[in-house]
Amino acid sequence: MSNYQPPLQDMSFVMETVAGLTRVNSTELFSEASEDVVSAILEEGGKFANEVMAPTNEIGDAKGCQLENGIVRVADEFIDVYKAFSAAGWNSVPFDPEYGGQGLPQLVNVPLQEMWYSANMALTLGPLLTQGAIEAIHAHGTQEQKDIYLANLISGQWSGTMNLTEPHAGTDVGALKSKAEQQADGSDRIRGQKIFITWGEHEASENIIHLVLARTPGSPDGSKGISLFIVPKFLVNPDGSLGERNDLRCAGLEEKIGIHGSPTCVMAYGDDEGAIGYLIGEENKGMACMFTMMNNARLSVGVQGLAIAERAYQHALTYAKDRVQGNALDRSAQSVTIIKHPDVRRNLMLMKSQIEAMRGMAYLAMAAVDLSKASEDPDDRVQQGKLADLLTPLVKAWCTDLGVEIASLGVQIHGGMGFIEETGAGQHYRDARILPIYEGTNGVQALDLLGRKLGRDGGETAFAFIEEMRTILTQLEENDDVNAGQISRALLLSLNDLTTSTKWLLATSAKDILSAGAGATPYLELFSITVGGWIMAQRFIAAKAKLVDGEGDLSFYEAQCITARFFADNILPKTGSLAATTMASGQTTSALKEEQF
């Protein structure tokens with residue numbers, strides 16, 4: 001497997017030109033995140049990802065995980081890296097300083113996350129779930145719960161999980177059957193089984209804090225009757241020390257297509273007297289608490305798609321520069337490296353251009369999360385929150401779909417050797433395949449975009465964002481570069497496609513939700529590609545200005561301009577067909593009778 005080199009230059013460029021680091025660090029809450037500080041953090045993070053994490057990626061894939069007498073064994077190298085990760089403070093970057101966090105913005109955390117996922121996604125899934133547990137307890141826990149759990153979770157001494165899914169209750173979480181019965185001391189006894197629990201059992205941390213959804217006696221049916229409980233692997237004594245083992249265990253490990261180094265557990269609660277749990281938030285409000293974890297987790301999973309695409313791209317690029325095969329198409333040379341062949345170039349450009357658009361979208365969404373908390377203007381906080389909500393299903397779905405597609409292109413560039421495990425290209429493809437599925441399938445993300453994000457305000461937030469994107473057309477038209485004109489024309493058509501489709505969906509969903517739902521997935525892709533085109537246009541304008549001034553790495557800025565033009569020529573035209581599909585899918589999607597399939 002090739003080495004991983006964190007794309008620090010592009011990360012910094014996106015943070016400055018697309019996501020708006022200056023705007024984020026101009027707030028009082030994030031004033032310490034100066035450019036110099038951020039640059040130093042990313043430099044050190046890049047070294048850790050490259051030198052410590054990445055070398056264990058292939059090892060974890062080969063060794064996998066084993067369940068032995070109730071103990072889950074992961075690669076020893078993973079445990080060493082996890083402890084080094086926690087000791088270096090990387091687990092604490094975006095969290096509350098009152099509990100040992102560094103208090104840095106998500107916009108600083110997101111490039112770090114990208115590096116961790118690119119270097120070793122299977123390992124980094126552990127800290128991702130811990131992040132969710134921290135966010136839920138910080139937002140909904142009592143002061144006592146915060147004091148007991150947050151510091152150790154933030155330091156990485158303890159890890160966390162999220163327990164939703166049951167064998168009969170996947171996307172339909174409201175069908176879950178796990179039960180919680182309150183005890184005289186105020187605790188609850190939890191009984192039930194959960195599946196697909198990432199890092200549900202391991203020995204890398206001293207304790208594991210499970211957040212478990214369950215029903216209390218007499219609760220309403222469906223999702224309205226679900227509560228959330230803190231269920232620690234080891235009970236915590238009043239002085240903060242660890243007590244006895246709770247009544248929970250890993251009952252099995254899933255054999256998966258990819259992410260072999262990450263233990264995906266079947267968790268059994270209450271085989272004996274019942275696992276002791278503690279209600280977090282209000283009774284029957286568990287889904288609201290869990291969504292605190294899931295919303296940011298969905299953005300982070302989108303970053304995983306970006307990260308695995310970047311790793312696959314670097315892997316394929318190295319191979320394309322080294323592999324000698326065939327003559328030049330124009331007969332100018334014999335025995336050339338395959339990067340000289342036009343179709344290999346096309347695939348590499350498809351990878352590179354879409355990765356750069358994905359990075360811009362993911363970083364922009366995280367900046368909106370930061371500003372929704374930190375902006376001094378109350379109205380701006382509201383608007384930034386709405387933008388973050390709107391972008392969340394786009395980041396999760398588009399970036400993960402592309403993660404799979406780009407990893408597949410990486411295999412293709414390797415040719416027959418890509419199908420051989422020895423090259424390592426296949427691992428990226430296998431690891432990527434889970435991403436469009438977990439944290440809400442991408443079909444669910446499309447319905448979320450249609451129902452919650454458009455339907456909630458009648459499209460007001462979406463139309464405002466579309467108008468904001470349109471303002472860049474004037475800047476492009478005022479630029480005398482021929483590439484600017486082509487980008488402008490392509491983006492204008494896509495914005496028009498998006499506007500027309502949005503209006504159609506809003507009108508149709510009010511009278512025929514099935515037809516609207518049939519168009520939700522192509523609409524999400526249409527929306528995402530348009531946002532990607534807008535982001536690439538911003539990259540073009542910023543890079544062109546640098547070239548005119550003759551400042552900095554001119555080769556990098558020239559590549560930015562060329563890649564933006566490629567995206568406009570090769571990706572943006574897809575929106576026309578996606579608009580047509582969005583508005584026509586409902587006519588046939590549900591037309592067949594079940595027996596006709």
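Laid out as a table, the results:
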| read-out | value |
| --- | --- |
| Residues of the stretch 261-293 classified as in a helix (DSSP H, G or I) and either of a type in the set (S, T, Y) or surrounded by fewer than 22 Cβ atoms within 10 Å (Cβ to Cβ) (or both), total | 4 |
| Matching entry among E551, E558, E525 (being open to solvent by 60 Å² or more (accessible area, probe 1.4 Å) and not in a helix (DSSP H, G or I)) | E551 |
| Selection from the stretch 54-92 of residues that are more than 28 Å from G252 (Cβ to Cβ) and not polar (S, T, N, Q) | A54, P55, A84, A87, A88, G89, W90 |
| Among the residues listed as L112, L153, the single one being touching a residue at least 60 places away in the same chain (Cβ under 8 Å), open to solvent by less than 30 Å² (accessible area, probe 1.4 Å) and within 21 Å of the chain's Cα centre (by Cα) | L112 |
| Members of the stretch 59-73 that are part of a helix (DSSP H, G or I) and open to solvent by 40 Å² or more (accessible area, probe 1.4 Å) | I59, A62, K63 |
| Residues satisfying the stated conditions in the stretch 561-590, i.e. modelled with pLDDT under 95, open to solvent by 60 Å² or more (accessible area, probe 1.4 Å) and outside any loop (DSSP other than H, G, I, E, B) | Q587 |
| Residues that are open to solvent by 60 Å² or more (accessible area, probe 1.4 Å) and touching a strand residue (DSSP E or B) at 6+ places or on another chain (Cβ under 7 Å), drawn from the stretch 207-227 | P217 |
| For A54: the one exception among (1) more than 30 Å from G532 (Cβ to Cβ); (2) surrounded by 17 or more Cβ atoms within 10 Å (Cβ to Cβ); (3) out of contact with any strand residue (DSSP E or B) (no Cβ under 8 Å at 6 or more places or on another chain) | (1) |
| Residues located in the stretch 356-376, provided they are open to solvent by 10 Å² or more (accessible area, probe 1.4 Å) and within 11 Å of the chain's Cα centre (by Cα) | none |
| Per-region count, the stretch 228-249, residues buried (at least 21 other Cβ atoms within 10 Å of the Cβ) and assigned to a loop (DSSP other than H, G, I, E, B) | 2 |
| Of all residues making up the stretch 74-91, the number that are closer than 26 Å to V266 by Cβ and either in contact with a Lys or Arg (Cβ under 9 Å, 6 or more places away or on another chain) or in a loop (DSSP other than H, G, I, E, B) (or both) | 5 |
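The values are calculated or read from the model by the stated rules, or taken from the named source; none is laboratory data. Because the structure is a prediction, the values reported are computed rather than measured. Heads up, the Cβs are rebuilt from the backbone with ideal geometry, glycines too, and the neighbour counts pull from every protein chain shown. In case anyone asks, the SASA skips ligands and DNA or RNA and just uses the protein heavy atoms, side chains included. Shrake-Rupley method; radii C 1.70, N 1.55, O 1.52, S 1.80 Å.
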